[in-house]
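Where a number appears in this text, it was derived from the coordinates with a stated rule and is not lab data. What you see is a predicted model; the values in this text were computed from it and never measured. Positions of Cβ are generated from backbone atoms using ideal geometry, with glycine treated the same way; all protein chains shown enter the neighbour counts.
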Ligand code: 5AD
Ligand code: SF4
C-alpha cells in the first residue's frame, strides 16, 4: 500500500516541476513514506533519520519529510522529537505536498495530517518508478473501519472509501497497453469494496428523471470481473481479504476467469476462538475453516497465505496451540508471522495489558515459523513434476543465465533463460524446490 502511495506522491510532485532523484546524495528533498503497524517499523525510520544527519551536514539545504502512517499517528510530536524533519504529511493530504514544498522556507516546519472521508486519488495516474515494467499495484480503496483490537490502521488511514471502478479499469488498461502483464488490486479489506452512484443525473430532480436514471452498485466480485475483462493476458491479483467478508460469489468469479490468479491471502491472526473475539475479528475458527473449505471447493488449485500474531494480550499456551493447530489444518503456502506489538490508541492499549513476556512471544513465534517452514517445504515438494504457466518477471538474482517468474499461485519459479524474456508467459515444469522457491525447466514456449 505504501509503494502504491509513493507512486501517487511521485505523480503529484512530477506535475509540479519536481523530479525523482535516485541518488540520495543529489536530492534536495528526501521523502520517507512510513508504516506505523508495529513499533519496530517506526524504530527503523528513526534510525534512518539519524543516519541522514551526516548527509545533511554537507548539504544543509536538504529538507526531510515524513509521509504516511507514522506522520499521521505522531503528528507534530514527530517534528519535535526529530529535529531534522521539516515537514510531515498524512496519507490523505498528499495533494498539498507540491504547494507545501514550494512554500517551505529554511528553518520552517509544516504539517498536514487531516484525514478525509472522500479522498481516493482516483484522478491521479501513479508514476511507476523503480518498477520491473511487468507487475503493478492499483489501489482500489483506502482506509479501514474494522477496528481490530491490536491495529493502528483505522486511526492512521481513516474511514473506508472506494474508488470509482471506471478509473480502476482505465488504469489497468493503460498499464496493459504499456506492456504490464499483472495488476494487484489493493485495499485494507478489499471484500468491502463498494461503489454506489446514480447514472445519468446524479440526483433525480423529477419523477421523469427518476425513471431514466438508474442506480449503479459495484461490489468487489464485479470489480474483479471488470478488470479481468481488460485482457486475458493481464493477470489480476488482490490483497487483502478479511475472512469475515470472503464471499462465495468472489470465489465463483475467481473460478470463472483463468487470468484471475489462484491465490488468496486470508489473515487468520490466531487459531483460538477466545483470542479472535478479544481481537475483535468477527469470526470464529469454525467460520474461518469453512471459508478455507469453500476456497478448496471452488478453486482446488488455489494457494492460501496468511498473517498471524504471536503473544497477543492474555494469550495462553492453549491459545498458542490452537494457532499451531490452525496452521496444520490449513497448510498455508506462505505466512507473514509477527510478535504482538502494543500500539498506542488501539482498543488493546486502552483496555488490555501487554502481559506476555517478550521471551514467551519470541518462543511462540519461533514455533510458528518452524512449523510453517516444514509445511511450505512439503507443499512445494508436492509441486514437483507439475507444469505451471509462469509470467516472467526478471533475471534471477543468483545467475544472469536464469530467469524468474511466478505461477498463478504466486510461487516463485526459477529456470534457464533460453531465448525468453521478462513479460512473456512460459510453461515451466517443476523439477526441484526449496521451502521458498520452485526450480524448473521450460517445456514449451507460448
Ligand atoms: N502487532 C503485531 N502485528 C500486527 N499486525 C497489525 N497490527 C499488529 C500489531 N499491533 C499484523 C497483522 C496484520 C498485518 C498487516 O500486520 O497480522 O494482518
Ligand atoms: Fe487493521 Fe483489522 Fe483493518 Fe486489517 S482489518 S487494517 S488488521 S483494523
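For segment 298-350 and segment 60-97, what is the centre-to-centre distance using only Cα atoms, to the nearest Å? What the calculation gives is 32 Å, centre to centre.
As a length-normalised measure over Cα pairs under 8 Å and 6 or more apart, the relative contact order of segment 2-112 settles at 26 percent. Here the label points at residue 247 and residue 76, each 7 Å from Cα along the C-beta direction, are separated by 4.5 nm in the simple model. Distance between the modelled labels on residue 362 and residue 297, one decimal in nanometres: 4.5 nm (7 Å Cα→Cβ projection). Summarising the label geometry, the points placed 7 Å from Cα in the beta-carbon direction at residue 198 and residue 22 lie 5.1 nm from one another. Please check: in the Gaussian network model of the chain (C-alpha springs, under 10 Å), which one of 267, 344, 221 has the largest mean-square fluctuation. Comparing 267, 344, 221 in a Gaussian network model of the chain, the most mobile one is 344.
The residues 350, 386, when put in order of fewest to most other Cβ atoms within 10 Å, stand as 350, 386. Compare 305, 314, 113 in a GNM of the chain, Cα atoms joined below 10 Å, and give the one with the largest fluctuation. Maximum fluctuation in the GNM of the chain, among the listed residues, is at 314. Peptides 159-168, 14-23, ordered by how many other C-beta atoms sit within 10 Å of their residues on average, highest first, read 159-168, 14-23. Placing R0 at 22 angstrom, the Cβ-Cβ distance between residue 350 and residue 284 gives a FRET efficiency of 0.35 after rounding to 0.05. For the chain, averaging the sequence separation of C-alpha pairs within contact (under 8 Å, six or more residues apart) and dividing by the residue count gives a relative contact order of 10 percent. If R0 is 35 Å, the Cβ-Cβ spacing of residue 132 and residue 104 corresponds to a FRET efficiency of close to 0.55. In whole angstrom, note down how far apart the Cα centers of segment 264-289 and segment 1-48 are. Rounded to whole Å, the Cα centres lie 34 Å apart.
Between residue 215 and residue 174, full extension at 0.36 nm per residue minus the direct alpha carbon distance yields a gain of 12.0 nm. By DSSP, the beta bridges lying fully in the chain are antiparallel in about 40 percent of cases. Every helix of 4 or more DSSP H residues in the chain counts as -39500 (n - 2.57), and over all residues that averages to -10500 deg cm²/dmol at 222 nm.
Note the full-extension length gain between residue 55 and residue 325 as 0.36 nm times their separation in residues minus their Cα-Cα distance, in nm to one decimal.
Value of the extension gain: 92.2 nm.
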